[in-house]
Amino acid sequence: MSVIEVHDLRKSFGRTAALTGLDLEVRPGEVHGFLGPNGAGKSTTIRILLGLLRADGGTVTVLGRDPWRDAVHVHRGLAYVPGDVSLWPNLSGGEVIDLLTRLRGGADEALLRRLVEDFEFDPRKRSRSYSRGNRQKVALIAAFARPAELYVLDEPTSGLDPLMDEVFRRHIERVRDEGAAVLLSSHMLAEVERLCDRVTIIRSGVDVETGTLQELRHLTRTTFRLTGADEAAARALPGAHEPRSGGDWVEFDVDAADVPAVLAGVAALRPAGLTVAPPSLEELFLHHYGDRP
Amino acid sequence: MSTATLLASRLLSERWRLPLWIGGITLLTAASSTAVLAQFADPEEQRVLLLAAAANPAFRFLRGLPIGIGTGELVFFQIFTYLAALAGLMSTFLVVRHTRGDEDSGRTELIAATPLRRTAPVATALGTAVVANLVLGVTVALGLALPGLPWRGSVLTGSAVAVSGLVFAGIAAVAAQVLPTSRAANGAAAATVGLAYLLRGIGDAMAQPDERFVTRESGWPSWLSPIGWGQRVEAYQTDNPLPLAIGIATAVLLGAVAVAVAARRDLGASLVRERAGRERARGSLRSPLALVWRLSWPSLVGWAIGAAFLGTVAGLLAPSVADAIGSNAQFLELIRRLIPGSTAGLLDLFVAAILGMAGFLAAAAGAQATMRMRAEEADGRAELLLAAPVGRARWMVAFLAVAVASVAAVLVPAGVAAAVAFAAVGEQDRTGSSLAAAAAQVPAALVFVGLTALVFAVLPRLTVPVAWTLLGVSLILGEYGTILQLPEWMQDMSPFRHTSAIPAEDLDAGGVLALLAVALATATLAVLLFRRRDLAV
């Protein structure tokens, strides 16, 4: 059974339609990327999943229940990290972590100590003096310090530096290996590419594509980069799209179906060097948002 | 961005809040001058009232100095110190909001990155205060002159109110530079307003009336108070603008100090440092109620200290009121006209009036504690708790419980302090009635807790302005309704009208039950409706 099942979700704020028929499914044991530009409806969806907003239409099931009607019950099984973490200015970070974990039933103390250490977090400072990254650490530590069935993370790493990003990745993998599901919203392609098993791409309030990274790769082309090959011959290869060159290299894109044929053609050109790169999610995004570069 | 643009954007951001302050203070002014002109048109009555006040230190402490026996002097005596204190509070919150408040929220950092001087945020915050106080000065002058008071005195009163506001704006600007948070700066600067009111009160109480019972020389403590300086203009009497210069010079000096500190310190730094927090939470911090208590208890302590002070004043000064004017039959007659149908003694009326003030403070404390829900929701902290296994009802009830505790934090100290003070001056038989008088204020205060919660549930984004407006309108209807001769049904809209003024009146059990029923109904409805609405950021 899926951890999150959303079908034909609709939500409007006044005359603005935020969600216009979104489908989303998250299964146990997967890290599910929820990818879209700012304003696509990611946070609205997440707030509906948490029962903070009420859906106008469609069905929403989280951990087998309706999050609007059974919010408290659903929340017992999940941990949430908001996109813009706001804390009580007078409380220290340590106090907020304790409060949030206690509300969920208490932290695993050993795990909590490890998280504070891993994230190199100073829990004694007052919340008002924390930077954005440190406020995010508070919410992340509180979320990870107690096992949950589902982790809902709304752009959780936007304030973290690369080292902390690595710590974050380790803990995501840990909870995934323990069988939990993770819904990770992001507008950063590299992050989703690095962390997620499956991805749902959302645009203007509706999902435009869902699948594993493998499946989504079929939708776009592979980039070939040759060095030390005859440029004119390379440009003329059947199936090579948008060729460009400079110095001693030439680069072109190939449709997935044409890859075997092009490979044979490339071999005949006897290049000195060859790089074949899978498309980055940047390219996936261009595919879906090509109409507004 | 230029400095002028910044000033304009500050004024624009105040387009709702400032008019509410200025309008409220002006309305109070106009209501008071209209009431005095209508009710005390007879010069003989005015003379009696002023003589009674002049003879009594308690009245002088609460209101000011009776500087003469004309209508204008009577209005000035009755209202100037209130207006100056309100202008001070308006300016304090305004300046702190745009200086340390912006710094707390990170807005100042954005401004600091533009090619403006480092002092621009402080300078424009002070500029906003200048504009606000100038407008306030003009509207107060109009509120006095249009009902029929002389123009010269009215303009001078408006100017004195504006200058008092500017001095407190300067104090707030310095506090915002020196203290680490907007909460601390607001607290310190608002306490200065209270201290200024207290100092001039002591000074006025120390004053000696001359042989004509006119009192124009207050004691030395009054000279330490910006409100005391404002009183020296003696509007409608000598109309002396010179004392305004002291206030203007002080305001300019304080503003210059704030700008100088701002030019030298790091962004976010302060002279007073903050202590480190706890590494782990106390064991008790494990529920929404514990959190709301943790967030709110400092303001409860503040309310309790203020209320205890008020109760002490009632107890200590009441006997001297009775001694000074109890024998004046004409004055008693005047009082009876203000409270129709009352046959109560003067002392009872005084105690009832002071504890009525405590009742209003209790309503304000309860409403303020309830409004905290809106800040929690708007800043996204409600989301953090409500995404944990905490139901909407449990979350809201935690705030309502602390709001009820805030009401108690005002009325318990007020009643107990009054009882103890009465005992200290040998009026032991008044102990019980003081406690009863404080207890009688509870139901109306609870109504404002329920009403504020209901506004929050239905119109979340308007919670703060609507709730304060309800409180302000209820105060005016309850306090001035009779004098302004408003229709009975309109006066009855104010919950304060249904509070029994013990010991001047008997307890009205029907009123108590009705108020409690309204409080309970609004609070219950608020919980039900909040569970059905979206969180509104």
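Mind listing just one residue for me: the one in region B:455-465 that is surrounded by fewer than 18 Cβ atoms within 10 Å (Cβ to Cβ) and under 22 Å from the mean Cα position of the chain (by Cα) and, of those, nearest to B:Ala378 (Cα to Cα)?
Among those residues, the one meeting the criterion is B:Leu462.
Kindly establish whether A:Gly39 is assigned to a strand (DSSP E or B) and more than 10 Å from chain B (Cβ to nearest Cβ).
No, not satisfied.
Restricting to region B:271-292, what's the tally of residues that are within 29 Å of the chain's Cα centre (by Cα) and free of Cβ contacts under 8 Å to residues at least 40 places away in the same chain?
Total meeting the criteria: 1.
Among B:Arg265, B:Arg232, which is the only one that is open to solvent by 30 Å² or more (accessible area, probe 1.4 Å) and away from chain A (no Cβ under 14 Å)?
B:Arg265
Which of the residues spanning region B:505-537 are within 14 Å of another protein chain (Cβ to nearest Cβ), of a type outside the set (Lys, Arg) and touching a residue at least 60 places away in the same chain (Cβ under 8 Å)?
B:Leu529, B:Phe530, B:Leu535, B:Ala536, B:Val537
State all residues of region A:210-252 that are among the charged types (D, E, K, R), more than 16 Å from A:Val262 (Cβ to Cβ) and assigned to a loop (DSSP other than H, G, I, E, B); if no residue qualifies, say none.
A:Asp248
Name every residue in region B:470-488 that is at pLDDT 90 or above and open to solvent by 60 Å² or more (accessible area, probe 1.4 Å), in order of residue number.
Within region B:470-488, just B:Leu470 meets the criteria.
Take A:Asp23 and tell me if it is of a type in the set (Asp, Glu) and either open to solvent by less than 10 Å² (accessible area, probe 1.4 Å) or more than 17 Å from the chain's Cα centre (by Cα) (or both).
no
Inside region B:20-53, can you point out the residues that are closer than 27 Å to B:Ala123 by Cβ and open to solvent by 70 Å² or more (accessible area, probe 1.4 Å)?
B:Leu20
Which ones in region A:253-282 are assigned to a helix (DSSP H, G or I), closer than 27 Å to A:Thr212 by Cβ and open to solvent by 40 Å² or more (accessible area, probe 1.4 Å)?
Hits for region A:253-282 are A:Ala256, A:Ala257, A:Asp258, A:Pro260, A:Ala261, A:Leu263, A:Glu282.
Give me the residue from region B:387-412 that is of a type outside the set (Gly, Ala, Ser), within 20 Å of the chain's Cα centre (by Cα) and surrounded by fewer than 24 Cβ atoms within 10 Å (Cβ to Cβ) and, out of that set, nearest to the other protein chains (Cβ to nearest Cβ).
B:Val404
Checking B:Trp16 against (1) open to solvent by 40 Å² or more (accessible area, probe 1.4 Å); (2) at pLDDT below 85, which single condition isn't satisfied?
Every condition holds for B:Trp16 apart from (2).
What's the total number of residues in region A:99-121 that are assigned to a loop (DSSP other than H, G, I, E, B) and surrounded by 18 or more Cβ atoms within 10 Å (Cβ to Cβ)?
Number of matching residues: 4.
For A:Thr61, are the conditions met, namely being touching a Phe, Trp or Tyr at 6+ places or on another chain (Cβ under 9 Å) and either facing chain B (nearest Cβ under 8 Å) or of a type outside the set (A, V, I, L, M) (or both)?
Taking the combined requirement at face value, the residue does not satisfy it.
So, B:Phe40, is that one modelled with pLDDT of 85 or more and not polar (S, T, N, Q) or not?
Against the criterion (modelled with pLDDT of 85 or more and not polar (S, T, N, Q)), B:Phe40 does not qualify.
With the structure loaded, tell me whether A:Arg124 is within 10 Å of chain B (Cβ to nearest Cβ), surrounded by fewer than 22 Cβ atoms within 10 Å (Cβ to Cβ) and without any contact (Cβ under 8 Å) to a residue 12 or more places away in the chain or whether it fails that test.
No; evaluated as a whole, the condition is false for this residue.
Identify all residues within region B:369-384 that are facing chain A (nearest Cβ under 7 Å) and either open to solvent by less than 10 Å² (accessible area, probe 1.4 Å) or part of a helix (DSSP H, G or I) (or both); write none if there are none.
B:Arg381, B:Glu383, B:Leu384
Give me the pairs, please: first residue somewhere in region A:77-102 and more than 7 Å from every other protein chain (Cβ to nearest Cβ), second residue anywhere and of a type in the set (Asp, Glu) and assigned to a strand (DSSP E or B), beta-carbon distance under 7 Å, and either six or more positions apart or on two chains.
Close Cβ pairs (under 7 Å, with a partner that is of a type in the set (Asp, Glu) and assigned to a strand (DSSP E or B)) amount to A:Val81/A:Asp154; A:Gly83/A:Asp154.
The values are calculated or read from the model by the stated rules, or taken from the named source; none is laboratory data. Please read all numbers here as calculations on a predicted model, not as lab measurements. No Cβ is skipped: glycine too gets one built from the backbone with ideal geometry, and neighbour counts run over all protein chains shown. To get the accessible areas, we keep the full protein, side chains included, count just its heavy atoms, and leave off ligands, DNA and RNA. Shrake-Rupley method; radii C 1.70, N 1.55, O 1.52, S 1.80 Å.
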